[in-house]
Amino acid sequence: MEPIQSSSPGDGATLLEETSCLLKVTEDIWFACCSCTYVTKDQHVILSHLAVHGDEQFKCQHPPMSGSKSQVLGNIRKHKSETPFKCKLCPEEFAYNSLLTFHNRTHTGEKPFKCKQCPLAFAQKNNLQTHNYLHTGEKPFKCKQCCLAFAKDSYLRKHNQVHTEEKPFKCKQCPQVFAWDSSLRRHNQTHTGEKPFKCKQCPQAFAQNSHLRNHNRTHTGEKPFKCRQCAKAFAKDSHLQSHNQTHTGEKPFKCKQCPLAFAQNYNLKSHNRTHTDEKPFKCKQCPQAFAQNSYLRKHNRTHTGEKPL
């Protein structure tokens with residue numbers, strides 16, 4: 001395969017021909033970054049991703065990281081041990097100094113990449129580029145099996161699991177399985193109860209930083225996700241996607257046990273419990289359990305005496 005040339009010099013693609021990380025076609029093509037654990041099936045996306053690492057990418061002496069998914073994941077595991085750059089503030093280690101520099105910003109809070117259209121700033125340039133899609137409405141990552149599109153490649157990869165149902169990451173403490181390692185890590189916090197992300201304006205704390213960001217909008221009233229077909233705006237992208245279904249009427253998530261179909265995957269998951277009788281939401285104050293979290297919240301009011309707004 002001829003290396004793809006980029007129109008802008010120094011972006012991680014123009015010099016691909018000179019690096020040992022040449023991408024080569026195989027029957028089941030997956031591309032992995034030599035500098036970190038990023039994996040994608042989209043060749044153009046991996047070229048864009050290389051720009052995150054800049055010159056470090058061209059110092060890579062590892063063999064080409066393309067091939068079947070099992071091959072590239074195996075290479076990642078192999079190279080993960082080659083991490084000479086150690087963080088002084090936590091146990092994290094990295095293969096390249098540039099990655100350590102990025103990581104250090106999680107400790108210092110430095111965010112040098114500022115959005116020109118709103119007050120937000122980011123630790124990494126690619127995060128700013130992704131954020132800009134919120135303003136433009138662009139969703140360049142399109143699913144090949146349904147009409148959904150996404151602002152981030154990671155969102156598309158996560159969505160693709162809906163179609164493949166592949167879930168290789170298993171919890172060691174319960175029967176739950178997950179499509180992504182990050183999902184398993186988030187789930188593990190339900191066992192540990194860890195909530196490291198604390199709101200500065202109220203006592204709430206969260207297991208995930210994204211949940212804290214969403215919560216902060218309840219204080220600011222910010223609704224950055226705007227519908228293109230009507231005047232509505234939303235605090236969460238997922239709420240906008242749900243709303244968009246009212247315009248399209250699309251219901252891509254189909255039940256395998258009955259004819260029902262749903263606009264959102266979480267609605268399908270909730271519905272599936274009517275077939276399995278699963279009730280994962282358990283009350284901490286009595287033996288009651290519920291199929292949906294909303295039912296549990298409503299039930300909790302019988303203990304607290306709280307009245308709904």
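The values are calculated or read from the model by the stated rules, or taken from the named source; none is laboratory data. What you see is a predicted model; the values in this text were computed from it and never measured. Counting neighbours? That spans all protein chains shown, and the Cβs are built from the backbone with ideal geometry, glycine included.
Structural remarks
- Residue count for the range 95-109 satisfying the condition of being at pLDDT 80 or above and either touching a Lys or Arg at 6+ places or on another chain (Cβ under 9 Å) or exposed (fewer than 14 other Cβ atoms within 10 Å of the Cβ) (or both): 6.
- Condition check for S242: within 27 Å of T304 (Cβ to Cβ) and touching a residue at least 12 places away in the same chain (Cβ under 8 Å): no
- Selection from the range 147-190 of residues that are in a loop (DSSP other than H, G, I, E, B) and loosely packed, with under 14 Cβ neighbours inside 10 Å: C147, E165, E166, P168, K172, Q173, C174, P175
- Yes/no for A291 being modelled with pLDDT under 85, over 21 Å from the mean Cα position of the chain (by Cα) and aliphatic (A, V, I, L, M): yes
- Taking every residue in the range 178-194 that is touching a residue at least 12 places away in the same chain (Cβ under 8 Å) and pairing it with any residue that is part of a helix (DSSP H, G or I) and among the charged types (D, E, K, R), at least 6 positions away or on another chain, the pairs with Cβ-Cβ distances below 7 Å are A179/K158; W180/K158.
- Pairs, first within 15 Å of Q241 (Cα to Cα) in the range 252-273, second among the polar types (S, T, N, Q), C-beta under 6 Å, six or more apart: F253/N265; A263/Q245; Q264/S242
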